[in-house]
Structures are given as structure tokens and as C-alpha cells.
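Remarks on the structure that follows.
The values are calculated or read from the model by the stated rules, or taken from the named source; none is laboratory data. On a predicted model such as this, the values are computed, not experimentally measured, just so you know. FYI the Cβ positions are ideal-geometry reconstructions off the backbone, even for glycines, and counts take in every protein chain you see. For the accessible areas, the whole protein counts, side chains as well, though only heavy atoms, and no ligand, DNA or RNA atoms are used. Shrake-Rupley method; radii C 1.70, N 1.55, O 1.52, S 1.80 Å.
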Amino acid sequence: MISRKQLLEHAKTQQATDIHICAGAPILFRVGGKLVPITKEKLTPAQSRDMSLDLLTEEQKAVFEKTLDYDLMLADGFGRYRINIGYFNGAVGSTIRILPTRPRTLRELHLPDVVQDLTQRTKGLVLITGSTSQGKTTTMAAMIDQINSTNEKHIVTIEDPIEYVHTNKTGVVRQREVGRDTQSFYTGLRAALRQDPDVIAIGEMRDYETIKIALAAAETGVLVLSTLHVISIDKIIERLLSYAPASDESQLRFLLAESLQGMIHQELIPTVKGGQRVACEVLVITSAAKNIIRRKGGFFLRSVIETGKKHGMITMAESLNALLQAGTISEGVAKTVLANYE
């Protein structure tokens, strides 16, 4: 059986982002967004179990057998990994996310200049949105790194788990992991307001109480960065309202209109060379956008983006077209992504 060290080292040489260990399938690496088998033989349930449990200590194994699911962070001299182990149709399997050793920069991610402009705001809420595994955490880490590199600011992050470790540069970054350093996003955010922050980064807004405190903090003079699972920018109002009781809708609309500074909605798409690049649309909040948030549906935000070029706004079509013209992506990929925005 391949050892843990051999598996992790091989994954890194193949530039894999994830490793899948599953009974009845070969070991799979996710490379360039696609699953690639790296063994000829399929794993037996016993092999899948042994390889997965080899990632745990004896104490962790005992907890896993009680809970049937286990999440952990693993760090060694060569890297950091986010691991989930669980039962699948009666067999034990695992997924290992290989975490980068440092945050990538906005330039390395090829994000538009308006994203850097948003990091220079002194208060308000900036949201990074997209569906699962579209690089939202990577973008937020790059924005934190930009602030940390250029401003003497105190940045507090609340994450589950901590994926990118920041070192203090011009600013100071204090990272808190849910379950280890604080009980929840809500308790961590509430405490952060008493820690003299200039910037608060919330890994994800998952409940109404967290959303309310984040909006209140943004309105009272703190720059708040967070991610949210939304399929497009024009769904943001409906998504946030889905967390709130009907009686609070008008209050939530008001807070959102007053505090929101901008949104970066992104898709991680395959390149012609087998890698991945971010395509994004960006909304900068103007008086027109505020009026829409207060009174109308999010569909009308699309017209704000389309007419907001002078404010640095960019549509998904413009982002895709730039990648297409540069020869970075294929026409087929561009059409497939764009179909969701028409």
C-alpha cells in the first residue's frame, strides 16, 4: 500500500488540488479541475479504510467511529492539508485538499484592478461569491494579503478551517479557527468587534445572526470581507433574505444597502493548457445599486453592472471575452459559462 508521505508528495508533483480515496475506485487526483486516476487497480474497502485511518491518531479514530465523520487539518514539514473522512455506502473513504503554502497575490490570480480598489475601502462589506470550489477563499486570502502588505491595519479572520496562513507584513493578521480558537462564526465575529479591528474577514456567512452582526460592523466603520454561496450577483438579495424572518426583510435591505461596497462573483474555469483561471463579474455599489437593494429584486443589479464601466465594474461576458481573446480559454468553455448569465 502506498504510504501517506508518498501519496502527498506524488500529488504535489502532479499539481493536484485534491486527493480522493474511495473503495471501488482507483486513487484519484483532481488536476486542472478534472479527476485523474493514478492507480490501475481499484481500492478494496479494506485498503480505502486503512489509507484513510492512517491519517488519524488513535484518539481521532475513536471519535470518528462514534461520529462517522471527521474533519481535520494536517501540517507537516512539506505542507498543509484539509481532510474529511467518512463512511460511504458502508466503506470508509477520505478526501484530502492540498492547501497552498502562502496566499496568492491579486496579480497572480489575474483579478481586475477594481478588486484591489475594493481592498482600500476603510469600511463596509465586500462579498466574494460563487458556487462551491470556485476559488472564493483563495480570492479572499489574496485581498487580505493585499491589505496586509500595503496598510498598517489590524486584520482579524474567522475561518473554518484556516486554509492560508498569513504572516504579519505592514499590517497585523490574527487568525481564528472555528472549533479551535472560537466556538462559531457568530461568537468569533462578536468577539472580533471588541478586538479593535480595522478589517474582519469571515470565512463564510452561514446564518442570520452572523449576517446581521457583519452588516452592523460594516456600517459602523470596519471593512468586512466574506464569502457567500450564490450562483450569480443578481441572486444576492434573495439569498440573504432567505436567512431572515419576513418581519426583518426591510431592516436587512436597509443594512445591506448602507454597508455593501462591492461584490466579486467568480467562476473557476479550465484553460486550454490544462490549468484553471478565474473569470469574474464585479459590482461596485452606486446610488442606483442602493436603490435597487432597498426596493427591488436583484435582477435589476445586472443593468447596474452593464452600465458601470466608469466605476470599474465588469460583466462576466467581458471577463470571458478577455480570456478568449488572449487565447487562455476555448470558445466552447466561454459559451458554456456565459449560458448561465444570459
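Here are a few things to note about the model shown:
- Qualifying trypsin sites (Lys or Arg not before Pro) in region 172-237, where qualification requires a DSSP coil assignment and no more than 14 other C-beta atoms within 10 Å, comprise Arg180, Arg194.
- Distance from the C-alpha centroid of region 270-342 to that of region 1-64: 36 Å, rounded to the whole angstrom.
- For a straight C-alpha distance cut-off of 25 angstrom, the lysines reachable from Lys169 (same-chain residues fewer than eight places away being disregarded) are Lys123, Lys136, Lys153.
- Accessible area (Å², per residue) of the chain, counting only protein heavy atoms and a probe of 1.4 Å: 48
- Computed per residue of the chain from DSSP H runs no shorter than four, each worth -39500 (n - 2.57), the mean residue ellipticity at 222 nm is -10000 deg cm²/dmol.
- Under the Karplus curve 6.51 cos²θ - 1.76 cosθ + 1.60, θ = phi - 60°, whole-Hz ³J(HN,Hα) for region 16-31, x wherever Gly or Pro sits: 6, 9, 9, 10, 10, 10, 9, 4, x, 9, x, 5, 10, 10, 8, 10
- Rolling a 1.4 Å probe over the protein heavy atoms of the chain, with every protein chain left in place, gives an accessible area that is 50 percent carbon and sulfur.
- Arg104 versus Thr286: modelled label distance in nm, points set 7 Å from Cα along the beta carbon direction: 3.1
- Low-density loop cleavage sites - GluC sites (Glu not before Pro) in region 217-273, where at most 13 other Cβ are within 10 Å (DSSP): none
- Computed from backbone phi with θ = phi - 60° and the Karplus coefficients 6.51, -1.76 and 1.60, the 3J(HN,Hα) list for region 161-168 is x, 6, 9, 10, 8, 9, 9, 5 Hz; x is used for glycine and proline.
- Inter-label distance, Thr57 to Ser242: 3.9 nm, where each label sits 7 Å from its Cα along the C-beta direction.
- Note on Lys12 and Glu209: with the Förster distance fixed at 41 Å, the Cβ-Cβ geometry gives a FRET efficiency of about 0.55.
- Ranking Gln261, Pro245, Ala289 by how far each Cα lies toward the positive end of the dipole of region 202-338 (charges on Cβ) leaves Ala289 at the top.
- Listed residues Thr13, Thr44, Thr286, most fluctuating in the chain (Gaussian network, C-alpha, under 10 Å): Thr13
- Degrees between helix 136-150 axis and first principal axis of the chain (Cα, 0 to 90, nearest 10): 60
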